[in-house]
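Chemist: One structure follows; several queries about it will come next.
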Amino acid sequence: MTWIFGDFQLDRERFELRRGTDPVRLEPQVLALLVYLVRYRDRMVTKDEIATEVWPGRIASDASISSRIKSARQAVGDDGHQQTTIRTVHGKGFRFVGEVQETAPAKVTTVFPAAEPENVLTGKPSIAILPFRPLAMAPDLAILAEAIPCEIIQALSHLRWLAVIARGSSFRFREPDPDLGFVATALGARYVLSGIIEANGRRLAATLELSDASRSEVIWGDRIAAPLDAIDDLRNRIVTHLVTALEVYIPLNEATVAQMAPIDTLDAWANYHLGLQNLYRFTAQDNLRATGCFERAVKLDPRFARAHAGLSFTSFLEAFLRLGPDVAEARRAARRHAEQALELDPLDPFANFTMGRAHWLTHDLDVAAEWLDRATRLNPNYAQAYYSSAMTSMLTGNIAATETGLDLALQLSPLDPLLYGIHGVRSQMFMQTGDYAAAARWGDRAATTPGAHYLIAMIAMAANGMDGRHEQAKRWRQTVRRLKPDASAAHYFTAFPTRDTASRSKIADELTRQGF
């Protein structure tokens, strides 16, 4: 958003004041003060507010506030006598009185006193990536403190659900231990990623910390190390590890905060994240809850591509797991919603992913593979798309591609909500190669992973039976009957239409022996 007044343009996202085409050099605190005054120009801003916003967690004297007001006035060609732009309300506060135009509609809300429920988050999540702080680094290595955050910003730009503050703005905060609350206020970022990179003997280590600035809470952190002669590997690991972590922890945090607010106060993005939280529980009831969240998101914003993709995913689960009464309609809905998502945003990896999964339901495996490959090209760190590509390769009999896809998915997301599926596909792969002991081992692992549904239990049952582990197969048979009393071999092969006729025949024989 850019505010225009007189000869000036104040760009909140880029955290920059320009006069014409020339940037006006300002201290970050002065620029943050100016942003706050313009944002709440419809009312007087008190000194207490300024102290809270510009010096969060610190004590600001009247002299400090007056100094920043004076600098802000000088920057916009105003002074304490004319007060044509920033007016003093004696003894109370200040007000921005210049005539302002906006380049985009702005939702201006009163935050002092709070007019909205506490902790309500609105709009697309946003993040600022700060330069890392180098410790004990030689000059030729200290450059990594900015090089790695630059690579992170580039990688995050592939994520359509996350707004990433531009490097030119976030890299203004190079001082050690910056006040993250102030950074977030200045840049308009909800999340801030900071880090330390250090050399210790012959090793390099990076410590990462992701903070929810709105609540002053650290929601994720990690430490990654590598030998000095493996710098490129360290850089790649940091970027891929971080992108995958953000895909998990930010949506989880968004959903947690959204749950604290009345449902009628939530915007489209909050409903979307609540939908994701219910989506990965894989029960009929939770799938209905997720569908309701995505439907509310679409109602609030009909052009919200990711919400349409979410509806495709819930329809896919309804058809794949037979959670509803009309499997054929759920199959059609999965395709229809994926098409709507792609029409709205053809570059969204999630939309491409759901289109690929929709083609699973009609056994168009070659077409599914193309859409899933497109999803990973759009987001090279998309673990679930790699897993789904691996499953497609397993179904078409490409064992080498299956192994590669599964290994990459597990490397990117070792705690993925679809982890049971990753292990289940590996079990099916070993059933195809005739290594039934390995198939049984991975089948057990898949079926004991959180989220595993009745089809995963059928994989474990078949693998154990084919390996001669009849007591274990019996236990999984009982689990299948408990989870899905009407489960059948037809359900299994509808979900997993493998083209490998030899293994398909042996699995069918085992399912028959188990009473399916």
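Chemist: Specify which of the listed residues (402, 479) is modelled with pLDDT of 95 or more, buried (at least 17 other Cβ atoms within 10 Å of the Cβ) and farther than 19 Å from residue 321 by Cα.
Modeler: 402
Chemist: Moving on. Can you find a residue that is among the hydrophobic types (A, V, I, L, M, F, W, C) and touching a residue at least 24 places away in the same chain (Cβ under 8 Å) anywhere in region 76-85? Talk me through it step by step, then tell me what you get.
Modeler: Let us first name the residues in region 76-85 that are among the hydrophobic types (A, V, I, L, M, F, W, C), namely 76.
If we keep only those that are touching a residue at least 24 places away in the same chain (Cβ under 8 Å) too, we end up with 76.
Yes, some residue in region 76-85 is among the hydrophobic types (A, V, I, L, M, F, W, C) and touching a residue at least 24 places away in the same chain (Cβ under 8 Å).
Chemist: It is to be established whether one or more residues within region 431-453 are buried (at least 20 other Cβ atoms within 10 Å of the Cβ) and either of a type in the set (Val, Ile, Thr) or on the phi > 0 side of the Ramachandran plot (or both).
Modeler: No: zero hits.
Chemist: Going through region 334-368 one residue at a time, which ones are touching a Ser or Thr at 6+ places or on another chain (Cβ under 8 Å), surrounded by fewer than 21 Cβ atoms within 10 Å (Cβ to Cβ) and among the hydrophobic types (A, V, I, L, M, F, W, C)?
Modeler: Correct list: 365 only.
Chemist: Being in a helix (DSSP H, G or I) and touching a Leu at 6+ places or on another chain (Cβ under 8 Å) is the filter; apply it to region 342-356 and report the residue that is modelled with the lowest pLDDT.
Modeler: For region 342-356, the residue satisfying everything is 349.
Chemist: Moving on. How many residues does region 207-223 hold that are charged (D, E, K, R) and under 18 Å from the mean Cα position of the chain (by Cα)? Please lay out each step first, then the result.
Modeler: Of region 207-223, the ones charged (D, E, K, R) are 209, 212, 215, 217, 222-223.
When the remaining residues are screened for being under 18 Å from the mean Cα position of the chain (by Cα), the result is 209, 212, 217, 222.
Final tally of qualifying residues: 4.
Chemist: Restricting to region 146-194, what's the tally of residues that are in a helix (DSSP H, G or I), without any contact (Cβ under 8 Å) to a residue 40 or more places away in the chain and farther than 22 Å from residue 236 by Cβ?
Modeler: Going through region 146-194 one residue at a time, the tally reaches 1.
Chemist: What number of residues within region 359-368 satisfy the criterion of being without any contact (Cβ under 8 Å) to a residue 60 or more places away in the chain and either in a helix (DSSP H, G or I) or in contact with a strand residue (DSSP E or B) (Cβ under 9 Å, 6 or more places away or on another chain) (or both)?
Modeler: 6
Chemist: For region 209-237, enumerate the residues that are under 19 Å from residue 125 (Cα atoms) and part of a strand (DSSP E or B). Full working, then the answer.
Modeler: Here is the first cut: in region 209-237, the ones under 19 Å from residue 125 (Cα atoms) are 209-221.
Matches in region 209-237: 209, 210, 211, 212, 217, 218, 219, 220, 221.
Chemist: How many of the residues making up region 239-284 are among the aromatic types (Phe, Trp, Tyr) and outside any helix (DSSP H, G or I)?
Modeler: Filtering region 239-284 for residues among the aromatic types (Phe, Trp, Tyr) gives 249, 269, 272, 280, 282.
Going one step further and asking which of them are outside any helix (DSSP H, G or I), we end up with 280, 282.
Of the residues in that region, 2 qualify.
Chemist: Quick one: in region 482-516, of everything that is within 17 Å of residue 321 (Cβ to Cβ) and of a type in the set (Gly, Ala, Ser), which residue is surrounded by the most Cβ atoms within 10 Å (Cβ to Cβ)? Break it down stepwise before answering.
Modeler: Pass one, region 482-516, residues within 17 Å of residue 321 (Cβ to Cβ): 482-497, 516.
When the remaining residues are screened for being of a type in the set (Gly, Ala, Ser), the result is 487-490, 495.
Numbers: 487: 20, 488: 13, 489: 18, 490: 10, 495: 18.
Among those that are within 17 Å of residue 321 (Cβ to Cβ) and of a type in the set (Gly, Ala, Ser), it is 487.
Chemist: Determine if region 37-58 includes at least one residue that is crowded, with 17+ Cβ neighbours inside 10 Å, under 23 Å from residue 125 (Cβ atoms) and small (Gly, Ala, Ser).
Modeler: No.
Chemist: Please go through region 412-421 and pick out each residue that is out of contact with any Gly (no Cβ under 9 Å at 6 or more places or on another chain) and either free of Cβ contacts under 8 Å to residues at least 40 places away in the same chain or crowded, with 20+ Cβ neighbours inside 10 Å (or both).
Modeler: 412, 413, 414, 416
Chemist: So, one more: Can you tell me which residues in region 149-179 are hydrophobic (A, V, I, L, M, F, W, C), within 21 Å of residue 16 (Cβ to Cβ), touching a Phe, Trp or Tyr at 6+ places or on another chain (Cβ under 9 Å) and surrounded by 19 or more Cβ atoms within 10 Å (Cβ to Cβ)?
Modeler: Within region 149-179, 165, 173 meet the criteria.
Chemist: Oh, and also: If you check residue 451 against the conditions, is it modelled with pLDDT under 95 and touching a Lys or Arg at 6+ places or on another chain (Cβ under 8 Å)?
Modeler: So residue 451 fits the description; yes.
Chemist: Quick check, is residue 462 under 18 Å from residue 513 (Cβ atoms) and surrounded by 24 or more Cβ atoms within 10 Å (Cβ to Cβ)?
Modeler: In short, yes.
Chemist: Okay, moving on. Of everything in region 291-327 that's touching a Gly at 6+ places or on another chain (Cβ under 6 Å) and free of Cβ contacts under 8 Å to residues at least 24 places away in the same chain, which residue is nearest to residue 258 (Cα to Cα)?
Modeler: Residues of region 291-327 that are touching a Gly at 6+ places or on another chain (Cβ under 6 Å), as a first pass: 293-294, 310, 318.
With free of Cβ contacts under 8 Å to residues at least 24 places away in the same chain added as a condition, the list becomes 293-294.
Working: 293: 11, 294: 14 Å.
Per the criteria, the residue is 293.
Chemist: So, in region 278-287, of the ones that are surrounded by fewer than 20 Cβ atoms within 10 Å (Cβ to Cβ) and polar (S, T, N, Q), which residue ends up nearest to residue 302 (Cα to Cα)?
Modeler: Among those residues, the one meeting the criterion is 285.
Chemist: Exactly one of (1) loosely packed, with under 15 Cβ neighbours inside 10 Å; (2) touching a strand residue (DSSP E or B) at 6+ places or on another chain (Cβ under 6 Å) is unmet by residue 217. Its number?
Modeler: Looking at each condition in turn, residue 217 falls short on (2).
Chemist: Residue 204 - would you say it is over 26 Å from residue 453 (Cα atoms), part of a strand (DSSP E or B), within 14 Å of the chain's Cα centre (by Cα) and at pLDDT 85 or above? I'd like the intermediate steps shown before the answer.
Modeler: Numbers: over 26 Å from residue 453 (Cα atoms): yes; part of a strand (DSSP E or B): yes; within 14 Å of the chain's Cα centre (by Cα): no; at pLDDT 85 or above: yes.
Against the criterion (over 26 Å from residue 453 (Cα atoms), part of a strand (DSSP E or B), within 14 Å of the chain's Cα centre (by Cα) and at pLDDT 85 or above), residue 204 does not qualify.
The values are calculated or read from the model by the stated rules, or taken from the named source; none is laboratory data. Because the structure is a prediction, the values reported are computed rather than measured. Note: ideal-geometry Cβ built from the backbone for every residue, glycine included; neighbour counts use all protein chains shown.
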